[in-house]
Amino acid sequence: QVQLVESGGGLVQAGGSLRLSCAASGRTFSSYGTGWFRQAPGKEREFVAAISWSGGNLYYADSVKGRFTISRDNAKNTVYLQMNSLKPEDTAIYYCAARTSGSYYYIGAYAYWGQGTQVTVSS
């Protein structure tokens, strides 16, 4: 069992930056690939970025490639999402999730989810 808690969301102007954190409990967290998803009002939850358990493989949605960076510190049981050059369309609730099997891009591959953190980008 893995419990995930996101933090770092907030209100930022377009062009600004935020760093999200996903803190995990559970001794086996370092063995899970981890992803970030987001859900805007009235839209489905979508993939943002993911990182393998070792940190050696990174995956990004085209919409955030070059602006967002995912990383992890297994010693701290934490995964980060550095978000730069934010746009109003990045406004959403951001969720982290631990992957158990399947494609990193597929929401069904993730069995454990945090409660989410709100990111709002003003124009």
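For LYS43, the accessible surface of its heavy atoms amounts to roughly 130 Å² (probe 1.4 Å, protein chains only, rounded to the nearest 10). Each Cα pair under 8 Å and six or more residues apart adds its sequence gap; the mean of these over the residue count of the range 13-97 is a relative contact order of 42 percent.
Maximal additional length on extending the SER54-SER17 stretch stands at 10.8 nm, based on 0.36 nm per residue less the C-alpha distance.
Rounded to the nearest 20 debye, the dipole magnitude of the chain is 180 debye, with +1 charges on Lys and Arg beta carbons, -1 on Asp and Glu beta carbons, and the Cα centre as origin.
Only protein heavy atoms count here; on that basis, with a 1.4 Å probe, GLU89 has an accessible area of about 120 Å². Couplings 3J(HN,Hα) of the range 48-64, computed from phi: 10, 7, 8, 9, 5, 4, 8, x, x, 10, 10, 9, 9, 6, 4, 5, 10 Hz, in residue order, whole Hz [Karplus 6.51 cos²θ - 1.76 cosθ + 1.60, θ = phi - 60°; x for Gly and Pro]. Accessible area per residue for the chain is 50 Å², calculated with a 1.4 Å probe on protein heavy atoms, without ligands, DNA or RNA. Taking all protein chains as they are arranged and a probe of 1.4 Å, the heavy atoms of VAL12 leave approximately 20 Å² accessible to solvent. For the chain, DSSP calls about 90 percent of its internal beta bridges antiparallel.
Set the Förster radius R0 to 25 Å, insert the Cβ-Cβ distance between SER101 and SER122 as r into 1/(1 + (r/R0)^6), and round the FRET efficiency to 0.05. The value I calculate is 0.05.
Straight-line cross-link partners of LYS87 among the aspartates and glutamates, defined as a Cα under 19 Å from its Cα and at least 8 positions apart when in the same chain: GLU44, GLU46, ASP62. Normalised radius of gyration (Cα atoms, divided by 2.2 N^0.38 Å) for the chain: 0.97.
The values are calculated or read from the model by the stated rules, or taken from the named source; none is laboratory data. What you see is a predicted model, and the numbers here were worked out from it, not measured in a lab. Ideal geometry is used to build each Cβ from the backbone, glycine not excepted, and the neighbour counts take in all protein chains shown. The area values use the complete protein model at the heavy-atom level, side chains included, leaving out ligands, DNA and RNA. Shrake-Rupley method; radii C 1.70, N 1.55, O 1.52, S 1.80 Å.
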